1. If I filter region 204-228 down to residues being of a type in the set (Gly, Ala, Ser) and in a helix (DSSP H, G or I), which single residue comes out as farthest from the chain's Cα centre (by Cα)?
2. When residue 125 is evaluated against the numbered criteria (1) surrounded by fewer than 20 Cβ atoms within 10 Å (Cβ to Cβ); (2) under 19 Å from the mean Cα position of the chain (by Cα); (3) at negative phi, which criterion, by number, is the only one it fails?
3. Name the residues in region 41-71 that are closer than 19 Å to residue 145 by Cα, over 14 Å from the mean Cα position of the chain (by Cα) and not in a helix (DSSP H, G or I), would you?
4. Specify the residue that is surrounded by the fewest Cβ atoms within 10 Å (Cβ to Cβ); the eligible residues are those in region 81-118 that are closer than 19 Å to residue 31 by Cα and either among the acidic types (Asp, Glu) or without any contact (Cβ under 8 Å) to a residue 40 or more places away in the chain (or both).
5. Based on what the data block shows, is residue 128 assigned to a loop (DSSP other than H, G, I, E, B), farther than 30 Å from residue 269 by Cβ, among the charged types (D, E, K, R) and in contact (Cβ under 8 Å) with a residue 60 or more places away in the chain?
6. Looking only at region 184-203, which residues are in a helix (DSSP H, G or I) and surrounded by fewer than 22 Cβ atoms within 10 Å (Cβ to Cβ)?
7. Hey, residue 123 hits all of (1) among the charged types (D, E, K, R); (2) in a helix (DSSP H, G or I); (3) within 27 Å of residue 302 (Cβ to Cβ) but one; which does it fall short on?
8. Regarding residue 135, is this residue closer than 21 Å to residue 195 by Cα and of a type outside the set (Lys, Arg)?
Amino acid sequence: MGRNLAESARDLRMVLPSGALDAIARVEDLLVEVAGRAPERLVAPVLEALTAGGKRLRPILLVLSARMGEPEWEGLLAASVAVEILHTATLIHDDVVDKAESRRGKPTTVTAHGRETAVVTGDYLLAEAFYGLAEIGNPRLVRVFAEAAMGMSAGELEQYRSSGTPVGVEAYVDHIRMKTAGLFRAACVAGGTLGGLSLRQIDALATYGQALGLAFQVSDDVMDLVGEPGLMGKSVGTDLAEGTVTLPVIFALEEGDGAVIRRVLEASNPTPELLEAGIEAVLATEAIKKTEAWASGKVEAAIEGLELLPDGTERAILEAIATEVVGRDA
């Protein structure tokens, strides 16, 4: 499914228009400032979390969406910072639930500072994100991000409840629509709103953002089975080993050696041999090919919707981001 999106995002900064690049650079500075004003005991974990090398894809989507209109600079920066803070808060809480030891090749907040500090750090960042949004003075932005946060919470709980239990495609798509795609959608809608775009154009951005988020998550699903550990920041087969049922696994269960795959999903700590057998059972089917085709269909429909938006560099980059996710030449 193409290059890992982390690599793509690094390349993306090289082609951003100067104004967008300036905004993202300023976002980096403001994230450090957020850490500096945190309560003393939280300064270190907040700073580590906010500067851990994220792709900044969500702020980039927000900035590009806004620049298709005429956004006000300070509001644009505040919303871009807020979306990255909200994303970071959810990662911290995810790591607490998953008992994850590392992320992006570094110790997670829960590993470095303990469960209690990690939970409080995530809570603080959630509050900081909505404080920043409230300062903009646009209730619609607060609502859009609140809906995304509610969806992410519900999606995470659903994933925890269904761990190790096979689910259908429809149920899985509903899950990732809440857990991953919602914040992509919110970033694009917020950008369009700040740019003063029409309701039809904002709806097109919403459709694009949600489809991109779905494809992004499904791309990660594939990379978990066929990716390189160094690029992914985690071992191959991590999702499968943790009992997380992903789209390629769902497809594989429909046509492959379901008994082996189920044994991996149901094992609390599968042996390396069992995990390898499970991965091989998935790869022996058409599951990866079906997953890539599914993602391609979602993204192609989203790109068609962008035709309602002003033609220019920003729209071209949004299209390129989408094509990169599904592995086509951008």
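The values are calculated or read from the model by the stated rules, or taken from the named source; none is laboratory data. Given the structure is predicted, the values throughout are model-derived calculations rather than measurements. For neighbour counting, all protein chains shown are included, and Cβ atoms are generated from backbone atoms with ideal geometry for every residue, glycine included.
1. First, the residues of region 204-228 that are of a type in the set (Gly, Ala, Ser): 204, 206, 209, 211, 213, 215, 219, 227.
Then drop every residue that is not in a helix (DSSP H, G or I), which leaves 204, 206, 209, 211, 213, 215, 219.
On the way: 204: 19, 206: 15, 209: 11, 211: 12, 213: 7, 215: 10, 219: 11 Å.
Within region 204-228, the match that is farthest from the chain's Cα centre (by Cα) is 204.
2. (1) is the only condition that residue 125 fails.
3. 71
4. 108
5. no
6. Step one: list which residues in region 184-203 are in a helix (DSSP H, G or I), which gives 184-194, 199-203.
Passing the criteria: 199, 200, 201, 203.
7. (3)
8. yes
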